[in-house]
Structure formats: structure tokens, C-alpha cells
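The values are calculated or read from the model by the stated rules, or taken from the named source; none is laboratory data. The model shown is predicted, which means the values in this text are computed figures rather than measured ones. Here the Cβ positions follow ideal geometry from the backbone for every residue, glycine too, while neighbour counts run over all protein chains shown.
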Amino acid sequence: SQTIHQWPATLVQPVGSPLSLECTVEGTSNPNLYWYRQAAGRGLQLLFYSVGIGQISSEVPQNLSASRPQDRQFILSSKKLLLSDSGFYLCAWSTGTPQETQYFGPGTRLLVL
Amino acid sequence: GENVEQHPSTLSVQEGDSAVIKCTYSDSASNYFPWYKQELGKGPQLIIDIRSNVGEKKDQRIAVTLNKTAKHFSLHITETQPEDSAVYFCAAKATAGGTSYGKLTFGQGTILTVHP
């Protein structure tokens with residue numbers, strides 16, 4: 001069966017510091033991968049999605065970037081965090097066919113102070 | 001692009017009652033409609049989904065109905081239990097063409113509280 005991991009689970013960072021959040025998927029090959037941000041426990045905003053290694057699409061302009069160095073690894077990064085980057089970050093995966101269902105990871109709670 | 005509206009934003013029921021959450025969507029090309037349950041501090045979990053070739057789908061106490069003409073779909077939970085308390089999200093996706101092709105668009109969520 002497929003599983004999705006995210007770490008760290010929680011993170012407290014000062015403003016201006018860098019960020020690296022990691023997501024890995026097990027039990028499937030060539031998944032589509034997604035990064036979402038959820039503010040205040042409501043509303044899921046799609047940040048990035050990837051259909052393959054090195055292929056990243058950005059949904060909204062922001063202070064964040066994403067990379068996919070391996071087939072089942074997805075990384076969310078920032079060079080300098082802003083207060084507004086605080087939130088709950090969710091990684092999701094789906095199969096590579098059009099009618100895929102998305103499955104979410106456990107999430108990373110980020111607090112920028 | 002697709003726009004999904006979800007109502008109500010909060011819903012409070014007594015244990016054993018039914019709960020209904022409704023969503024409307026804007027893109028007529030949308031043909032896949034999942035529902036997710038999110039417990040506090042956790043990632044959303046898929047609980048049921050429906051595709052446009054059916055009007056209703058049931059899984060034990062949970063059912064989803066779809067009206068493509070009116071572009072709305074609903075989640076029905078019967079015999080609610082305290083463990084059903086969570087945030088519920090609807091979503092819509094076009095799996096072939098349309099302005100929202102390939103992307104899940106989520107509603108804003110409904111906080112369901114089931115009182116014992």
C-alpha cells in the first residue's frame with residue numbers, strides 16, 4: 001500500500017531564516033505530487049504541483065519554491081521566511097492518470113516568529 | 001477557473017441526527033467530486049467520492065449526491081457520532097478539458113460538531 005510522509009511535523013523559525021520541508025511517497029511510482037498551504041485550519045491553497053522529476057508548476061507567486069530531486073521526493077523551500085509564511089503545509093500525491101484521487105500527508109505546522 | 005462554494009461553514013448536531021453539507025461548483029466540465037474529512041492537526045482524509053456518471057453513492061453512514069444540471073453536490077451523514085466531529089471539505093475537478101483540468105478546487109470547509 002502507498003504511504004506518504006512529511007517532516008518535520010512542526011517547525012518554529014525566525015523571520016528571515018531558510019526553510020526546507022520534505023515529503024516522500026512510498027509504494028507507488030511516477031506519482032503526481034502537490035504542496036498545499038492551509039491557513040487557520042480552513043481552505044486549501046495549491047502552491048505547487050509536479051508531474052515528474054524536475055517538473056514543477058507554481059500556482060501562486062510567493063516567497064516559496066519547490067523541487068523534485070527524485071521520483072518520490074518533493075521539497076518545499078524558502079531562502080528567507082516571512083511572517084505570512086506561517087501555516088499548515090500539506091503534501092499530497094496522486095497517480096498519473098487524469099482521474100486520479102489525491103491523498104494527503106500528515107502535514108507540517110510552521111510558525112514563523 | 002473552477003469556483004467551489006461550500007455551506008454551511010459550521011454545523012452543530014446531536015448524536016444520532018443527520019448532517020448535510022452542500023457544495024456548488026461553477027465549471028460544467030468538472031466530473032470528479034471527492035469529500036475529505038480533516039481532524040485537528042492532521043491531513044485531510046478521503047472519505048467518499050463521486051464521478052459524474054452516477055447521481056448517488058453510499059458507504060455505510062455516508063452518502064454523496066450529485067446534480068450535474070444544477071451543479072451542486074452534497075454529503076449526507078446519518079446517525080452521527082461524536083467521532084464524526086471534524087472539518088469536512090468538498091472538492092471538484094475536471095478530468096478531461098475545462099478550465100480546471102487536472103486541478104482539485106476545494107470548498108472552504110465545514111466544521112461539524114456532534115454533541116453527545
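Things worth noting here:
- Considering only residues in the range B:50-77 that are assigned to a strand (DSSP E or B) and of a type in the set (S, T, N, Q), the one that is farthest from the chain's Cα centre (by Cα) turns out to be B:N67.
- Failed criterion for B:K42 (all others in (1) within 14 Å of chain A (Cβ to nearest Cβ); (2) of a type in the set (K, R); (3) over 29 Å from A:Y49 (Cα atoms) hold): (3)
- Unique residue being of a type outside the set (K, R) and at pLDDT below 95 when the list is A:S94, A:S17: A:S94
- Filtering the range B:1-57 to residues that are aliphatic (A, V, I, L, M) and either closer than 22 Å to B:K71 by Cβ or touching a strand residue (DSSP E or B) at 6+ places or on another chain (Cβ under 6 Å) (or both) leaves B:V4, B:L11, B:V13, B:A19, B:V20, B:I21, B:A29, B:L46, B:I47, B:I48, B:I50, B:V54.
- Only one of the numbered conditions (1) of a type outside the set (A, V, I, L, M, F, W, C); (2) surrounded by fewer than 18 Cβ atoms within 10 Å (Cβ to Cβ); (3) assigned to a strand (DSSP E or B) is violated by B:P34, and that is (2).
- Search result, residues across the range A:1-11 that are more than 16 Å from the chain's Cα centre (by Cα) and loosely packed, with under 11 Cβ neighbours inside 10 Å: A:S1
- Set A:S20, A:S57: member being hydroxyl-bearing (S, T, Y), out of contact with any helix residue (DSSP H, G or I) (no Cβ under 7 Å at 6 or more places or on another chain), assigned to a strand (DSSP E or B) and in contact (Cβ under 8 Å) with a residue 40 or more places away in the chain: A:S20
- Scanning the range B:1-58 for residues that are at pLDDT 95 or above, of a type in the set (D, E, K, R) and touching a Phe, Trp or Tyr at 6+ places or on another chain (Cβ under 6 Å) turns up just one, B:K37.
- Here the range A:36-45 is the region considered, the condition is being in a strand (DSSP E or B) and either without any contact (Cβ under 8 Å) to a residue 12 or more places away in the chain or surrounded by fewer than 20 Cβ atoms within 10 Å (Cβ to Cβ) (or both), and the residue that is nearest to the chain's Cα centre (by Cα) is A:Q45.
- Output for the range A:47-64, where each listed residue is over 23 Å from A:G16 (Cα atoms), among the hydrophobic types (A, V, I, L, M, F, W, C) and within 14 Å of another protein chain (Cβ to nearest Cβ): A:V51
- Search result, residues across the range B:49-83 that are surrounded by 19 or more Cβ atoms within 10 Å (Cβ to Cβ) and in contact (Cβ under 8 Å) with a residue 60 or more places away in the chain: B:T80
- Selection within the range A:46-55: residues that are of a type in the set (A, V, I, L, M) and modelled with pLDDT of 90 or more. The member of this set that is farthest from the chain's Cα centre (by Cα) is A:I53.
Every residue, every condition in (1) part of a strand (DSSP E or B); (2) farther than 24 Å from B:D49 by Cα; (3) away from every other protein chain (no Cβ under 11 Å), yes or no:
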| residue | (1), (2), (3) |
| --- | --- |
| A:A66 | yes, yes, yes |
| A:P69 | yes, yes, yes |
| A:I75 | yes, yes, yes |
| A:S84 | no, yes, yes |
| A:Y89 | yes, no, no |
| A:A92 | yes, no, no |
| A:T101 | no, no, no |
| A:P106 | no, no, no |
| A:R109 | yes, yes, no |
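- A single entry from B:T95, B:T65 fulfils the requirement of being in contact with a strand residue (DSSP E or B) (Cβ under 9 Å, 6 or more places away or on another chain), β-branched (V, I, T) and under 30 Å from A:Q6 (Cα atoms): B:T95.
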